[in-house]
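Visitor: The following block contains the structure, expressed as structure tokens.
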Amino acid sequence: MAVRQIRVIGDEILTKKCKPVKEMTPRMKELVEDMFETMYQANGVGLAAPQVGILKRLVTIDVEDGNQYVLINPEITEQEGEQTGYEGCLSVPGKTGIVTRPERVRVRALDAEMEPFELEAEGLLARAVCHELAHLDGQLYVELVEGELMDVESEEESGEE
Ligand code: NI
């Protein structure tokens, strides 16, 4: 396991559309482990593969609900409601902004064993899912911010994704 370098805004790779994962190879397994390690080391609640320079449809999420989510080739199949709140991103260090996201989403994805599963997410988990999935299509939350992007004043102000 290793902590990988997190790409930051301005890096072209963050604007690219990622390719589906076809199989779980030892290399991909290592990537998943490294993404968790990188995410935890940076105090993040979510990380998408392009943030460590890999253009694959893979995200890791841990919003401290007792689960470590690996979402491979994820798709949002349903969404409902609305939540408006602060968001941050490990690729946009030191910044935060207000973004409106669905309150609940249903996601279809493959897990780390490439087995299909469905996840029903709400609140912070739904926000993290939406934020991370957008990374897979080369989109950063800064494009969705309502008002100004602000400097983070305290580390607790926002979940970094
Ligand atoms: Ni992010």
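The values are calculated or read from the model by the stated rules, or taken from the named source; none is laboratory data. For clarity, every value in this text was computed on a predicted model and none was experimentally measured. Positions of Cβ are backbone-derived with ideal geometry, glycine not excepted, and every protein chain shown enters the neighbour counts. Keep in mind that these areas ignore ligands, DNA and RNA; they rest on the heavy atoms of the full protein, side chains included. Shrake-Rupley method; radii C 1.70, N 1.55, O 1.52, S 1.80 Å.
Visitor: Counting pairs of Cα atoms in the range 72-161, how many percent are more than 22 Å apart? Walk me through the intermediate numbers first.
Guide: Numbers: 1107 of 4005 pairs.
Roughly 28 percent, rounded to a whole number.
Visitor: Using a simple spin-label model with points 7 Å from Cα along the Cα→Cβ vector, what separation in nm is obtained for Q68 and E33?
Guide: Between Q68 and E33, the simple spin-label model gives 1.0 nm.
Visitor: With every protein chain left in place, what is the accessible area per residue of the chain in square angstrom, probe 1.4 Å? Let's see the in-between values first.
Guide: On the way: 8450 Å² over 161 residues.
For the chain, the per-residue accessible area is 53 Å².
Visitor: Next question, about the same structure. Under a 10 Å cutoff between Cα atoms, tell me which one of V52, V105, V21 has the largest fluctuation in the Gaussian network model of the chain.
Guide: V21
Visitor: What whole-number volume per residue, in cubic angstrom, does the convex hull of the C-alpha atoms of the range 4-82 give?
Guide: Details: hull volume 10.1 nm³, N = 79.
Roughly 128 Å³ of hull volume per residue.
Visitor: Find the eigenvalues of the gyration tensor of the Cα atoms of the range 42-95, then list the square roots of 5 times those eigenvalues as equivalent ellipsoid semi-axes, largest first, in whole angstrom.
Guide: 18, 17, 13
Visitor: Loop only per DSSP, at most 16 neighbouring Cβ atoms within 10 Å: give me the GluC sites (Glu not before Pro) in the range 3-97, ordered by residue number. The partial results should precede the final answer.
Guide: Working: sites: E12, E23, E30, E33, E37, E64, E75, E78, E80, E82, E87; in loops: E23, E64, E82.
Answer by residue number: E23, E64, E82.
Visitor: What number of lysine-lysine pairs in the chain show an alpha-carbon separation below 19 angstrom, given a sequence spacing of 8 or more or placement on distinct chains? Write out the running numbers ahead of the final one.
Guide: Working: K16/K56; K17/K56; K19/K29; K19/K56; K22/K56; K29/K56.
Within the chain, the lysine pair count is 6.
Visitor: Follow-up question, since we're still on this one. Any idea what diffusion coefficient the chain gets from Stokes-Einstein, in µm²/s, Kirkwood Rh on alpha carbon pairs, 37 °C, 0.692 mPa s?
Guide: For the chosen part, D equals 212 µm²/s.
Visitor: Give me the distance in nm between label points sitting 7 Å out from Cα along the Cα-to-Cβ direction at E118 and E23, one decimal.
Guide: In this crude spin-label approximation the distance works out to 2.9 nm.
Visitor: Counting helices only, and only those DSSP H runs with n ≥ 4, report the 222 nm mean residue ellipticity of the chain as the sum of -39,500 (n - 2.57) divided by its residues, in deg cm²/dmol to the nearest 500. Intermediate values should be presented prior to the final figure.
Guide: Numbers: 2 runs with 29 residues, N = 161.
Roughly -6000 deg cm²/dmol at 222 nm, from the helical runs in the chain.
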